[in-house]
Each structure stands twice: as C-alpha cells, then as structure tokens.
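Participant: Can you read through this structure? Questions will come right after.
The values are calculated or read from the model by the stated rules, or taken from the named source; none is laboratory data. Just so we're clear, the structure is a prediction, and the values are computed from it rather than from any experiment. Every residue, glycine as well, gets a Cβ built from its backbone with ideal geometry; the counts of neighbours run over all protein chains shown. Quick note on the areas: whole protein, heavy atoms, side chains included, nothing else; ligands and nucleic acids left out. Shrake-Rupley method; radii C 1.70, N 1.55, O 1.52, S 1.80 Å.
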Amino acid sequence: MRPVALTSRGTEDSNRDFLELFLEMMGLLSLGRSALLVVAAVFGMYQFAEGGCSGRCCQGTDFTCVTTDWRMDRVYGTCYCDERCLKTKDCCFDYPTECPAQSCVVSEWSHWSGCAQPCQPSFRVRRRSVQRLPQNSGQACPRLEEQAGCMEYLDRKGQFCTSVQGAAFITTMEYSKGRTHDLYGAPVDSGFCMEFKMESLTAQCMVENRPYTRWMQYLREGYTVCVACQPPAMNNRSQSCQGDGSLAERDELLHWQAVGSPRCRGTWRKVQRLQHCSCPLVHSFIFI
C-alpha cells in the first residue's frame, strides 16, 4: 500500500496559508485579491519546476522515490518515480518521458553443447547472456538456458555404439535442424520418416512442463505421429534407427521412450514408411 497521497484541495489550502503569512510579513496583505492570485501562480510555477521525475528514476518499489507534482491521473499531490508506480497508478506526470521503459536485451544463443554422456540418451545445452537488464518496468529477460534431448553415437574410444534393437528414443522435431550437415559441414542423408499410431503412454507425459519437455504434452493415444530417421541416429550399415520398426509386422506393438523424461514412455504400431514426414509439427518427432 502506498502512503495516502495529498489531494489538490489540501495542497491548495496549505499553500494559501503559507502565502498569507508570507504576504503579512512583507506588508502586502492589503493588496487586492488579483495580486494574491498572481503571487500564488508564481509560487505554483516554482513548485511545478521543482517536482517531476527528473533525476529521480528508481527501481522496484521505493517509497523514498517521491516528490510533489501533478500525477498521471491529473491529481496534484504526492507522486512517485519508481517502477511500482505504473501498477499503483500514482506516477508523476512526466514519468514516461523521464524514465522510459527499457526491455531486457540478451545475446544470441550459443552453439549447442555436446551430449553429457556418450552412447546413451542424454542432454545438450545452449545458453545466452544478459546484455542489458530491464529498467523502468521494461520487459523482463527471457530464459537464458535451453536443454534438448540428444545421444552421442561414438563411445570414448571413437567406436560406433548404437543398435537397431530396443525401444525407440524420440525427441521433438524442433531440435533436428542441426542434423542437416555433418561435423565437417557436408550435407548428410535426409533419411526417411516412419508413421506410427500411438497406442499408449504414461501419465507423466501430460504433466511435463519444463522448457525442454513441454513437447511431450502433445503425445496422445490414438493419434498418428511422424518420426524422422536421420543421421547420425541412422546406422550407416543398416540404414535404420533404433526402434524404428522397419522390420516389424504391421500389427506388432513397439515401444518408445521420450528423451528428457524417462517416465514418459509408451507403445505404438507401425503405419507406413515414407520419404518425408507430413504430420503437423506438434506431432512430428525424430529418433535419436
């Protein structure tokens, strides 16, 4: 709660008492009312010049960041120059120009890091830094770190370490952009797409709300999903991805697991193999 602001009427009364005392001391009380109004106007202009937010812009809630002037709601009295005043509606009239809002400025994203662990589902990270903090109720800084599921396909000895057996490890298609070129910048095989009908999934998929796991909320029983098999997840010898079901019968129940949350997993059945995925983005994933 803000301290109660002075009303324009209360301010005028106190100013009038001060003026009458001042004029009495100066022997000017016998002047006409018009002269009193002129002096009052001059006194008011002086007060106006001393108020406002010039040099008083403060961060957060600051009860000492206060002066006496016209407020933004056209009431004369106590007004503030801190960031809180925009919410409490008691800013001085010149707050927007003297204390303009400055949004947070961040750098570009760094490159994705390598996976935390080789030869198993893990995480990669990218970060960005704050270049300018927000001021005067400017837009807050966005998140500074993102994580994504990944998997390294070479062990610490440089040996290829993936297989086509076992459950499929999947993540959102959003993180497939980095797979268009190899480590040397050469284009890689675009791979293929497998369509599956989602048969079951655990309840944990629906409650994942971390930045790098929200995509799991779009997994639904009965929906058709597309999963791309691309290098480096695609085995160079077999030209397939782990758990893609290429050799499975059409009615065979296959298992999948979401990378980023081991509790989010389920089953699906193969529908068909396609050259390119054509599902909506929220229902498009990649093998990793």
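Participant: Quick one: with all protein chains in place, what share of the accessible area of segment 213-276 is carbon or sulfur, to the nearest percent (1.4 Å probe)?
Facilitator: It is 45 percent, rounded to a whole number.
Participant: OK, next. With every protein chain left in place, what is the accessible area per residue of segment 168-287 in square angstrom, probe 1.4 Å?
Facilitator: 53
Participant: Once you charge only the Cβ atoms, +1 for Lys and Arg and -1 for Asp and Glu, what is the size of the charge dipole of segment 53-100 about its Cα centre, to the nearest 20 debye?
Facilitator: So the magnitude is around 140 debye.
Participant: What's the carbon and sulfur percent of segment 108-151's accessible surface, probe 1.4 angstrom, rounded to a whole number?
Facilitator: 46
Participant: Please compute the modelled spin-label separation between residue 239 and residue 106, points set 7 Å along Cα→Cβ, answer in nm with one decimal.
Facilitator: For residue 106 paired with residue 239, the spin-label model returns 4.2 nm.
Participant: Note the full-extension length gain between residue 250 and residue 197 as 0.36 nm times their separation in residues minus their Cα-Cα distance, in nm to one decimal.
Facilitator: Values: separation 53, 0.36 × 53 = 19.08 nm, distance 1.06 nm.
Extra length from residue 250 to residue 197 when fully extended: 18.0 nm.
Participant: At a 1.4 Å probe, what is the % contribution of carbon and sulfur to the accessible area of segment 53-100?
Facilitator: After summing per-atom areas, the C and S share lands at 52 percent.
Participant: Let me make sure I get this right: for segment 53-100, a, b and c are the square roots of the gyration tensor eigenvalues over alpha carbons, sorted descending. Under 1.5 in a/c it's rounded, otherwise prolate if a/b > b/c, else oblate. Which is it? All intermediate terms of the calculation are to be shown ahead of the outcome.
Facilitator: Details: a/c = 1.39, a/b = 1.28, b/c = 1.09.
Rounded is the answer for segment 53-100, as its axis ratio a/c remains below 1.5.
Participant: Hey, got a sec? Which chymotrypsin sites (Phe, Trp or Tyr not before Pro) in segment 55-139 land in a DSSP loop and have at most 11 other Cβ atoms within 10 Å? Let's see the in-between values first.
Facilitator: Details: sites: 63, 70, 76, 80, 93, 109, 112, 123; in loops: 63, 93, 109, 112.
Here the sparse-neighbourhood loop sites are 63.
Participant: Take the Cβ-Cβ distance between residue 273 and residue 126 as r, set R0 to 30 Å, and report the resulting FRET efficiency rounded to the nearest 0.05.
Facilitator: My answer for the efficiency is 0.40.
Participant: State in Å² the accessible area per residue of segment 53-100; use a 1.4 Å probe, count heavy atoms of protein chains only, and round to the nearest integer.
Facilitator: It amounts to 54 Å² per residue over segment 53-100.
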